[in-house]
Amino acid sequence: MSAPAPQPARFMVRAEGVHKRFGRLEVLRGIDLAVRPREVMMLIGPSGSGKSTFLRCINHLEKINAGRIWVDGELVGYRQVGSTLYELNEHEQARRRSEIGMVFQRFNLFPHMTALQNVIEAPMLVKRTARAQAVERARQLLERVGLAEKADAYPSQLSGGQQQRVAIARALAMDPKLMLFDEPTSALDPELVGEVLAVMRQLANDGMTMIVVTHEMQFAREVGDRVVFMDGGVVVEEGPPAEVLTNPKQERTRGFLARIL
Amino acid sequence: MGVEVERGATFTVVPVRRYGQAVLAVVVALLVAWLAAAGASSHFVNPRVVSQYLNNPLILGGLANTIFVSIAAMIIGIVLGVIFAVMKMSSNVVLAAVSGFYIWFFRGTPVLVQLIFWFNGVPAVFHELALGVPFTHVVFFSMPMVAFMTPLAASLLGLGLNEGAYMAEIVRGGILAVDEGQVEAAQALGMVSSQTMRRIVLPQAMRVIIPPIGNEFISMLKTSSLASVVTYGELLRRASDIYSSNLFVVELLVVASIWYLALTTVASIGQYYVEKRFARGTSRAERETPWSNLVRNIVRLGR
């Protein structure tokens with residue numbers, strides 16, 4: 001097999017035949033997807049459809065069993081020389097991850113640090129940013145997510161919505177070129193969902209490339225450039241939100257939308 | 001007693017009468033008084049001898065040795081504990097098995113046996129302590145085992161290695177108690193595993209590890225008295241050295257006990273403050289001191 005041509009960074013994310021197994025359970029069964037820079041892609045589908053797993057494969061929190069993923073033209077997790085893939089060492093892997101922001105369903109803020117410390121920790125530790133500079137940037141980011149006055153609060157003193165907004169600020173502090181959101185509002189009380197979605201909407205308007213796993217169909221319709229419906233480890237249907245969510249072509253998409261709306 | 005429950009309405013509250021408790025209290029108080037009287041009237045404890053030996057230089061030296069050997073053995077134990085905990089959690093089978101064997105062996109045998117083993121057993125079996133290249137005749141340094149295995153060395157080895165086995169399980173429990181999402185969040189931000197361990201996992205594990213370390217230290221202050229059997233001059237050894245010549249056996253045991261109580265009391269107080277320091281960020285722990293509770297309750301009463 002001849003060496004494939006180097007990937008031009010026309011796509012921020014490109015996935016090709018991605019397979020992922022947990023033991024004998026095949027969670028991803030051949031995913032092909034591409035996300036352009038500044039695009040907002042909404043991943044929807046029933047639980048267990050593999051959408052969160054796919055998201056975690058993009059920053060190599062899960063190792064894929066077959067296929068390849070590129071982020072900004074760089075292969076995820078490996079260096080390709082000819083037709084051989086060399087697994088990246090820990091430091092190379094960490095550097096790639098530092099360029100991809102991730103927001104988790106359960107926030108995962110560091111509970112022993114204040115909001116401000118949560119935001120400055122990675123820039124200082126990973127990027128060697130000077131403290132004063134990191135603090136200044138962190139205050140701007142907390143301001144941007146509407147939590148300037150909560151800088152000195154510990155996560156346990158914040159509501160779920162506030163914690164998730166700090167988590168977004170923490171991810172943005174690394175100046176990522178891509179943001180991954182793994183069901184960012186699923187663990188929130190209904191009245192707190194809006195404040196997190198507002199921050200994400202603003203981020204999308206500012207031109208951030210985003211992949212969002214979500215069950216918020218209204219939000220997906222309004223903010224998404226494209227909606228991808230996954231089921232059983234494969235992409236069933238994709239297209240503009242208005243099409244996929246209003247006039248789905250596939251029976252499975254129709255069934256899913258009928259159940260949740 | 002009148003208590004204002006609702007605006008304008010005053011009720012009299014009568015607590016439940018607990019007659020059984022009152023009877024029990026009287027019985028226990030009588031028993032304690034009887035014991036105290038028996039102790040005070042006995043001819044076996046001479047309070048003047050007790051107070052005379054309380055600040056005896058030999059006793060104070062023994063006290064210092066007890067503190068020293070306890071702290072040193074704890075440090076050895078904590079260092080070994082962290083190492084063996086990480087080894088046991090390693091994906092490397094050999095490391096995990098060696099750690100498992102160490103923990104099984106040292107927790108499964110009495111520390112008194114281990115102390116005697118180091119002090120008497122090891123010098124009897126190995127006559128020389130040598131540092132060289134294994135399986136060759138190259139030796140950089142050697143000394144007679146008897147010269148190396150002083151009472152202090154045997155005490156530190158016995159107490160420290162034993163403590164390490166217990167600490168390994170405590171540290172492992174602490175690391176396991178940290179949510180997996182914390183590691184993922186750190187990784188997603190670009191931290192490598194050593195940074196994640198040092199900045200994210202261990203500080204959170206500390207909150208779980210610190211209270212048992214305090215208990216282990218308090219326990220070590222007392223367990224260190226076993227070092228007396230390998231003739232290490234700690235508190236109990238010094239007390240027994242003195243009473244074997246002057247025969248004030250009970251008085252000197254009382255002296256030693258008073259010092260042990262003082263040590264454990266001070267350590268308990270220290271533990272309270274250390275635990276408070278490491279409770280940072282957990283619910284409202286840092287703001288709910290007894291004092292703030294009191295203030296809040298007063299404010300609430302005023303309404």
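Converting phi to 3J(HN,Hα) with the Karplus coefficients 6.51, -1.76 and 1.60 and the offset θ = phi - 60°, segment A:133-138 yields 5, 5, 5, 4, 5, 4 Hz in sequence order, with x at every glycine or proline. Entry note, the protein assembly as shown: the mean residue ellipticity at 222 nm calculated from DSSP H runs of n ≥ 4, each adding -39500 (n - 2.57), is -16500 deg cm²/dmol after division by the residues and rounding to the nearest 500. Per-residue Karplus couplings for segment A:153-168, computed as 6.51 cos²θ - 1.76 cosθ + 1.60 with θ equal to phi - 60°, are listed in order as 7, 7, x, 5, 9, 10, 6, x, x, 5, 4, 5, 5, 5, 4, 5 Hz, Gly and Pro entered as x.
So what's the gap between the Cα centers of segment B:5-77 and segment A:4-65, to the nearest angstrom? When both Cα centres are located, 66 Å separates them.
Annotation: amide H-H contacts under 5 Å for A:Gln105 (H modelled 1.01 Å from N, sequence separation of 5 or more, or interchain): A:Asp182. Pick from B:Arg107, B:Arg237, B:Arg198 the residue whose mean-square fluctuation is largest in a GNM of chain B, springs joining Cα atoms under 10 Å. Its mean-square fluctuation being the largest, the pick is B:Arg198. Remark: relative contact order (chain B) = 22 percent; criterion is Cα-Cα distance under 8 angstrom and separation of 6 or more residues.
Structure remark: mean-square fluctuation, Gaussian network model of chain B, C-alpha springs under 10 Å; the largest value among B:Glu169, B:Glu216, B:Glu128 belongs to B:Glu128.
Listed values for segment A:244-261 are Karplus-derived 3J(HN,Hα) couplings in whole Hz (6.51 cos²θ - 1.76 cosθ + 1.60, θ = phi - 60°), namely 5, 7, 9, 10, x, 8, 8, 4, 5, 5, 4, x, 4, 5, 5, 5, 9, 8, and x replaces Gly and Pro. Checking the Cα-Cα distances for A:Lys63/A:Lys150; B:Lys88/B:Lys276; A:Lys51/A:Lys127; A:Lys20/A:Lys127; A:Lys63/B:Lys88; A:Lys63/A:Lys249 against a 26 Å cut-off, the pairs over it are A:Lys63/A:Lys150; B:Lys88/B:Lys276; A:Lys51/A:Lys127; A:Lys20/A:Lys127; A:Lys63/A:Lys249.
Computed over chain B with a Gaussian network model linking Cα atoms closer than 10 Å, the most mobile of B:Ala177, B:Ala85, B:Ala147 is B:Ala147.
With Cα atoms defining each centre, segment B:216-253 and segment A:186-221 are spaced 68 Å apart in the structure. For segment A:98-248, the relative contact order is 25 percent, taking Cα pairs closer than 8 Å that sit 6 or more residues apart in sequence and dividing their mean separation by the residue count.
Given +1 at the Cβ of Lys and Arg, -1 at the Cβ of Asp and Glu and no other charges, the dipole of the protein assembly as shown around its Cα centre is 400 debye to the nearest 20. Placing pseudo-labels 7 Å out from each Cα toward the beta carbon at A:Leu25 and B:Ala64 gives an inter-label distance of 6.4 nm. Can you say what percent of the DSSP beta bridges in chain A, counting only those with both residues inside, are antiparallel? Round to 5. The answer is about 60 percent antiparallel.
Once the C-beta distance of A:Ser156 and B:Leu30 is scaled by a Förster radius of 41 Å, the resulting FRET efficiency is 0.25 to the nearest 0.05.
Remark on A:Tyr78: its backbone amide H falls under 5 Å from those of A:Leu88, a criterion applied only to residues 5 or more positions apart or on other chains, H modelled at 1.01 Å from N.
Think of chain B as having a plus end and a minus end, set by charges on the Cβ of Lys, Arg, Asp and Glu; of B:Leu156, B:Trp259, B:Ile116, B:Trp259 sits farthest toward the positive end of this dipole.
Residues whose amide H falls under 5 Å from that of A:Ala153, counting only those 5 or more places apart or on a different chain, are A:Ala115, A:Leu116, with hydrogens built in the peptide plane.
Bear in mind that the values in this text are calculations on the coordinates, not laboratory data. Treat the numbers as computed from the prediction; the structure is a model and nothing was measured. FYI the Cβ positions are ideal-geometry reconstructions off the backbone, even for glycines, and counts take in every protein chain you see.
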